[in-house]
Amino acid sequence: MQGAMYKGTHTQTVDAKGRMVFPSKLRELLGDSFTLTKGVGGCIFVYSLEAFAEKAEKLNSLPMATALTLQRSFMANATDVEADKQGRILIPARLRELAGLENEAAVIGVSDHCEIWNPERWNELNDSVSDEDFMKALEGSNF
């Protein structure tokens, strides 16, 4: 969905096969198929198929010397997933390993995409943002 706004935090169980129920409210926005790829800071980025294609096109338009490292990481770790009838997706082992996912995952809405985090990592990151840091970021963004 073009211009979708992803928000909220959802904690989900990850089963022994690496499957988790992806939150229904986010599936309504993303669709039943979407793209997972390596994120920043130890998470997995989640994009609608359309949004991922737009990001890939932007990367392809950059000079190779500027974008090659990002293209390799972003594209080589990308995989399309489809929710089954129970709303579960299979997170590939490589992405689970990169994100440190074991029994639980925190799914975070981040405006134009979602992120899947190890809940402990997410809580550490979220708790590390001081009020001063938050205010500086707000001021810097003309919020």
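The values are calculated or read from the model by the stated rules, or taken from the named source; none is laboratory data. The shown structure was predicted, so the numbers you read here are calculated from the model rather than taken from an experiment. Only protein heavy atoms, including side chains, enter the accessible area calculation; ligands, DNA and RNA are left aside. Shrake-Rupley method; radii C 1.70, N 1.55, O 1.52, S 1.80 Å.
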**Item:** Eligible lysines near residue 58 by straight Cα distance, threshold 20 Å, same-chain separation 8 or greater
**Value:** 38
**Request:** Starting from the Cα of residue 85, draw a straight line to each of the lysines and keep only those under 19 Å, dropping any in the same chain fewer than 8 residues away.
**Result:** 17, 25
**Fill in**
Excluding ligands, DNA and RNA, the carbon-plus-sulfur percentage of the accessible area of region 53-137 with a 1.4 Å probe reads 51
**Complete:** Phi-derived 3J(HN,Hα) across region 31-48 with the Karplus relation (6.51, -1.76, 1.60, θ = phi - 60°), rounded Hz, x for Gly and Pro, is x, 7, 10, 7, 10, 10, 7, 4, x, 9, x, x, 10, 10, 7, 10, 10, 4
**Request:** Excluding residues on the same chain fewer than 8 positions from residue 136, give the aspartates and glutamates whose Cα lies under 18 Å from its Cα.
**Result:** 127
